[in-house]
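**Q** The following block contains the structure, expressed as structure tokens.
Every number here is computed from the coordinates shown, using simple stated rules; none is lab data. Note that the structure is a prediction, hence the values are computed from the model and not measured. Here the Cβ positions follow ideal geometry from the backbone for every residue, glycine too, while neighbour counts run over all protein chains shown.
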Amino acid sequence: MKSVTGLLTAIFLILNMSDASSAVRITNDRGGQIGTYVVKYHRLASTGESVIIDGLCASACTIVLSELPQDKICVTSRATLGFHAAWNYGPDGRTFTDPEATLMLYAAYPTPVRRWIARQGGLKRHIMFLSGKPLQTMYRPC
């Protein structure tokens, strides 16, 4: 009987380990080009993997909220999302806020996130952060 219990325990641990390894953990992602993140998270969504946000997910990283179903995302107490208007480079090499890209980005976010952004005054040039209880009311804790 002891060996059966030991075997069942080992199987249980292996199954739990495989669940944990099927999640991607975001801990310090400051973002980058929107297109790169759309492709990255679209591919991730097609695998059925989950995402654990366990630290900073800012700028283009927040596209994960648009590309993955809400039930595939969880947030830890350390999770922080950073939002700002989309920007691009002008012919002179300087950055400028891109209203069209900003509207597309905003429209793709889930409704609770859009409402929170709207209450903050919308997507602006400067970054705003969502964390703690407000974030945990939108996404399940993990």
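**Q** Out of all DSSP beta bridges with both ends in the chain, state the antiparallel percent to the nearest 5. Walk me through the intermediate numbers first.
**A** Details: 7 of 21 bridges.
Rounded to the nearest five, the antiparallel share is 35 percent.
**Q** Which value at 222 nm does the chain reach when only helices count, each DSSP H run of 4 or more adding -39,500 (n - 2.57), with the total divided by all residues and rounded to the nearest 500 deg cm²/dmol?
**A** Values: 6 runs with 64 residues, N = 142.
Theoretical 222 nm ellipticity from helices: -13500 deg cm²/dmol.
**Q** Span-like helices, the chain: DSSP H, alpha-carbon axial extent 15 Å or more, mean Kyte-Doolittle 0.5 or greater, which ones?
**A** Working: long enough: 2-21 (28 Å, 1.08); 34-47 (20 Å, 0.12).
Membrane-span-like by this criterion, though nothing is claimed about a membrane: 2-21.
**Q** Next up: With Rg and the Kirkwood Rh both taken from Cα atoms, where does Rg over Rh land for the range 79-142?
**A** Working: Rg = 13.4 Å, Rh = 12.8 Å.
With Rg and the Kirkwood Rh in hand, the quotient comes to 1.05.
**Q** To continue, here is another question. Of [x] 50, 32, 25; [y] 74, 30, 22; [z] 46, 34, 22, which is the value of Cα extents along the principal axes in Å derived from the coordinates here?
**A** It is the value labelled [y].
**Q** Among the trypsin sites (Lys or Arg not before Pro) in the range 35-99, which ones are in a DSSP loop with at most 16 other Cβ atoms within 10 Å of the Cβ? Mind listing them? Walk me through the numbers before you get to the answer.
**A** On the way: sites: LYS40, ARG43, LYS72, ARG78, ARG94; in loops: ARG78, ARG94.
Sparse-neighbourhood loop trypsin sites (Lys or Arg not before Pro): ARG78, ARG94.
**Q** Here's another thing I want to ask about it. Compute, for the chain, the length of the dipole vector about the Cα centre, with Cβ point charges of +1 (Lys, Arg) and -1 (Asp, Glu) only. Units Debye, rounded to 20. Write down the numbers at each step before the final one.
**A** Values: 15 positive and 9 negative charges, 78 e Å.
For the chain, the charge dipole is close to 380 debye.
**Q** What's the FRET efficiency of ARG114 with SER22 using the Cβ-Cβ distance as r and R₀ = 30 Å, to the nearest 0.05? Write down the numbers at each step before the final one.
**A** Working: r = 29 Å, r/R0 = 0.96.
Efficiency, rounded to the nearest 0.05: 0.55.
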